[in-house]
Every structure is written in structure tokens, then in C-alpha cells.
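**Q** Have a look at this one before I ask anything.
Taken together, the values in this text are just the output of simple stated rules run on the coordinates, not laboratory data. Since the model is a prediction, treat every value here as computed from it, not as a measurement.
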Amino acid sequence: MLLTCALASLTAVAAADTPTSGLVERARLEIQPGGRAIKQLAIENPLGDVKVEGYDGTSIMIETRKQAPDEEGLERLRVSLVPNPDGTVRITTTADGGKEFKNVGRAHMRIDLIIRAPRDARIEAAVSAGSLEVINMDAGGDLDTASGPISVRNVSGGVSTHSVSGATSLTQVFGSVDAQTISSNVDLDTIGGERLIASASRGKIAGRRVRARHIELTTTDGAITLEGESALRGRIVVASLRGDVDVRLRRQGAVTIRARGAKVNLGSATPFARTQQDGWVHSQLGQLGKTAPAFVELRSRYGMVQFAIIE
Amino acid sequence: MSCDDVRPRLTAYLDGDLDAERGSVVRGHLRTCDACREVATTEAALRDGLRQLPAVDPPPSMWAGIQARLAEEEVAHARRPAWRRALARWAPSAPRFAAGGLVAAAAIAVLWWRSHGGPDAPSPVTPEPASIAANPPNKVIGPTQVEVGGDASLDVTLDLAGEAARVTAHYGDEAEELLARAGEARAQWTVEQKDAFDAHVVELRGAIDAAADGRPRQRAWRELIRYLRGAAVRDEIAFAGGSQ
């Protein structure tokens, strides 16, 4: 406890009201950094939503909202806070168990967290079926859900997201991105960074206003659409097993294209295209200069492949 | 399924060792049987306590027994292709990574923050955020591929205890499906490609076994899925240098 006092100054307020389905309890907490700035926020909340919003301050402000059928249920819901000397603040939630408590289903127990954090703190967060939202941060993060949706907006730094079946949306992310899902869609809007890697099995991937030197989008069943810029000496690989592939690029310098699919349409690159025996269609746009051209590879074993240059 | 059928499987269920179908049957029984649910709850609490005990080296005789069983398994599967053997090894070990991380977190917790309130507490000071209010409690959002929450008959602690295993089982199922899809194209691969693929799958599988329970192990599963997805979709690229 002495360590806690040295690291954080706490102010908590609690409130409760009575909604139609049980009790709701809200509380707020502010953590002031001790001698060292808060560098990372590690959050694990399997019981509800998490929203993290960056701001130009140094402390962390946490709002919790607990929901349970009755007073005993509220008592079981806990938020654990561990400020570490290395600048990491760890927040976890859980529910007490034991024979002394009556049986309460998870659908009736909930903890939601809204956190305001210093912009330059890196976020590492995991939720289950709740939503995970991160906005206005500058040091990226690692985000994980089971079936809850992930939303990232106005974030700099490397962002890595993974979900089994939660829809993933990244908007205005400036840094390398790695988004992986199994059975949900990935939506990318205004992405700029060195690398963009996204993959899904039974979901679609849609990218707009994308610019990265290395782009790799992969699905097994879902369609892929990409609208963006080809970076100089960049490499873009868009591949699906069964989904259609539709790529539209603004060209910076020369572009070399190779494509293969059930049906291939290379748009304005078609007049320069030649088809090889193995089914690959090759084409090139622009004059090869001193710098190597951007490389674009498009493929779908069973779907259509379309390519167009945006003039 | 009766109580007599379910009881012997409870430990495997809590460990996440049952396959999806058997796990579903046990879960369904627990929803309707108070007695079995109480046994499961007690066992889950006992396991929580056991996890906090220090590790003990097993006696050499135990390892001898395990090695004998492994040898039998190897003989039984000797005729199967290497990539199928790799797949077969996933199934028994895939979902046994039930929760444990929270226990460690609890052990190092500096502060338990509990806010106390009730119907008589002061009036609300924080307006309810719209983004949170928009989502009903623990409702599964999006495709219902993961059974998370929403089970009114299981106690919340029992539900949470099985979640890591459920997620890991989904990763295992996905890897199995992707492996089958990669196998569809296998006939077109060269011997070198097949060897490279098999070796890399075994390597990634080893990384899963070596990873710590919980998120590190799930991360290792995702690496395997990423590789298999690449193999299924972009076969010749995936094998170049054993990476995508």
C-alpha cells in the first residue's frame, strides 16, 4: 500500500442507480504518475467494453460502470489496478466466485471502462465480447478481442489487432498495421505507414486511402477491395482463395503488375499485359527509371481479379 | 447425457480438453443440472487454489509412462503423412490452456479497487457514455463464432474460467481447416515445398507448446494460422524460405 501511495494519488467517487435490469454502479478514479511518466496501459476486461481516449495530460482517468442483478452481484465485480514502477499501469477486471454466492450468468454481470490516458502511452488491451475502442493515441497498441468489435481511430505508432469474430475498423492510423481476424470484416480507412498487413478467413477486407510501402492483404473466403497509392519501390500483395480482388491505385512512378484469377481485368494496364502458360498475367505501367518499380501482385484462385489505375 | 456421463468429463471440460461437440454437450448439461454445476464450480475453485501452489518435479516413473504412451502413439500414426501427423498432435493439446493469467495478476496486485455503492448511494456523478450504453450486457457482437457470455445458467466465474480454452479451441479448429485447404494444393507442390511446409508447421507447433498459457499461446496459434492461411492462398510465396 505504501508503494501505491507513492505511485498514485487516488480520488474515487461512487454512485449507483436502479436500471430496469438490476443495479448499475459508477465510479471514477484518477492516477497521477509518480516519479516516472506512464508509458503503457495494459487492460484486460473480459466483462464488458473498453474505451481508451488519449489526451494531452499526464494522469490516467478511469470511469467504471458495473452492472449486476443485485447488490451481491455488484460486490462480486472487481477492478484491479496495478501501477508498476516501470511506467506500466495494469487494469484488470474479474468477478468473485464461490459457494457463498448465488449463481449469476455472465449476461447479467458487466463492467465497462472508459479511460483517458496520456497520448504517448502505448495501449495493450484485451476484451471478450465487449467492444474495444482506442482513439487519439500516439504510441500505437496491441488489441485483442474474442467476438467484440475493435475500433481504432486517429492513432499513431504500430497497431496490432486480432479478433476471432469481432469486426475490426481502423481509421486514420499512421504507423505499421497488423490486423488479423478469423470470421469478421476488416475495414481500413486512411492508413499510412511502412507496413500494412491484414488477413481474415471468412471476412472481407476493405481499404480506402491506404499508403504503405509494404501491403499484404489476405483472405480465404472474403472479398478484398483496396484503394490507395503505390509507394516508390513498394510491394503490394492482395490475395484470396475464393474471394474477389479489386484494387485501384494512384501510381507513383512505374508499377509492375502480375495477376492471376478465375477472371483477370487489369484495366488500363491490359494493353501491355501478357499471359504466361501458368496463368499469370504480367503488365507494367510507366517507364522504368533508376529506382525499382512498385510491385503489385493480385491473385484469387476461384474469384475475379480487377485492377485499375486512378488518374 | 446423464450426470454419470458428465461427471467424469468435468475436469477435461474445465481444462478445455474436450472437443467442441463434447464440450457443448457438457455445457448444455451444466445449464440444466444444479448438482453437476455445483461440482463444476467447486472443482474450478479448487483448481484456482492449486494453480497457486509451487511447481513440483514429477517422479521419473511418470515420465517413463508418458514416453511409453507417446511411443505407442507414434507407432499408431507412423503410416500417416507428416503434415497429417502434425495436425493430429494439435487436437489433444489445443484447448488445454485454460485460464491462469488472472491468478498471477491477482498475486502481484498492489491495489484492489472496489467502489461500494447501492440504491442509497449518492446520485450519479458521471453521465452514462453513449458508446457503452449502446451495447447490451455481454451480447455477442458480429458473427457468432465464439460462444462468449450470454449463458444465463452458468455462473459468471465458471464461464470466464473456460473462455481462454474456447478461444484456443477456435484457433485450433481454424488451423485444422486451413491445413486441410493447404492440403488441397499439396499435390502440386514439389518435394522440397512439402518438406519446407511440414518442417515449418512442426516448428510453429513447437512454438505453441513452448508458449506460456493464455495470450502468449494464443499469439503462437495466430502465427500458425497466419502461415497456414498464406500457404492455402499464396502457396508458392508461402514456402519461399519457410515464410510468407
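**Q** Suppose we look only past 28 Å in the calculated P(r) of chain A. What percent of the Cα-Cα pairs does that tail hold?
**A** Details: 23845 of 48205 pairs.
Percent of Cα pairs beyond 28 Å in chain A: 49.
**Q** Normalised radius of gyration for segment A:131-222, please: alpha carbon Rg relative to 2.2 N^0.38 Å, two decimal places. Walk me through the numbers on the way to the answer.
**A** Working: Rg = 11.5 Å, N = 92, 2.2 N^0.38 = 12.3 Å.
Dividing the Cα Rg of segment A:131-222 by 2.2 N^0.38 Å gives 0.93.
**Q** Can you compute the helix-only [θ] at 222 nm over chain A? Use -39500 (n - 2.57) per DSSP H run of at least 4 residues, normalise by all residues, nearest 500 deg cm²/dmol.
**A** -1000 deg cm²/dmol
**Q** Which one of A:Lys263, A:Lys39, A:Lys102 has the biggest mean-square fluctuation once chain A is modelled by GNM with Cα springs under 10 Å?
**A** A:Lys102
**Q** While we're here: Quick one: of A:Lys263/B:Lys194; A:Lys39/A:Lys99; A:Lys39/A:Lys66, which pairs are farther than 31 Å apart, Cα to Cα?
**A** Result: A:Lys39/A:Lys99 exceed 31 Å.
**Q** Pick from A:Gly175, A:Gly286, A:Gly97: which is most flexible by mean-square fluctuation in a GNM of chain A where alpha carbon atoms under 10 Å apart are linked?
**A** Comparing A:Gly175, A:Gly286, A:Gly97 in the GNM, the peak value goes to A:Gly97.
**Q** May I ask you to evaluate 6.51 cos²θ - 1.76 cosθ + 1.60, the Karplus curve with θ = phi - 60°, for each residue of segment A:178-192 and list the ³J(HN,Hα) values in order in whole Hz, giving x for glycine and proline?
**A** Residue by residue, segment A:178-192 yields 9, 10, 10, 9, 9, 9, 8, 7, 10, 10, 10, 9, 6, 10, x Hz.
**Q** What residues have an amide H closer than 5 Å to that of A:Val247, excluding those fewer than 5 places away on the same chain, when H is modeled at 1.01 Å from N in the peptide plane?
**A** Counting only residues 5 or more places away or on other chains, the set is A:Leu226, A:Gln306, A:Phe307, A:Ala308.
**Q** Residue by residue, what Karplus-based ³J(HN,Hα) values in Hz, rounded to whole numbers, does segment A:298-311 have, using 6.51, -1.76 and 1.60 with θ = phi - 60° and x for Gly and Pro?
**A** 10, 8, 8, 5, 10, x, 8, 10, 10, 9, 8, 9, 8, 7
**Q** A further question on this structure: Only Cα pairs within less than 10 Å get springs; with that Gaussian network setup on chain A, which residue of A:Gly157, A:Gly22, A:Gly243 has the largest fluctuation?
**A** Fluctuation is largest for A:Gly22.
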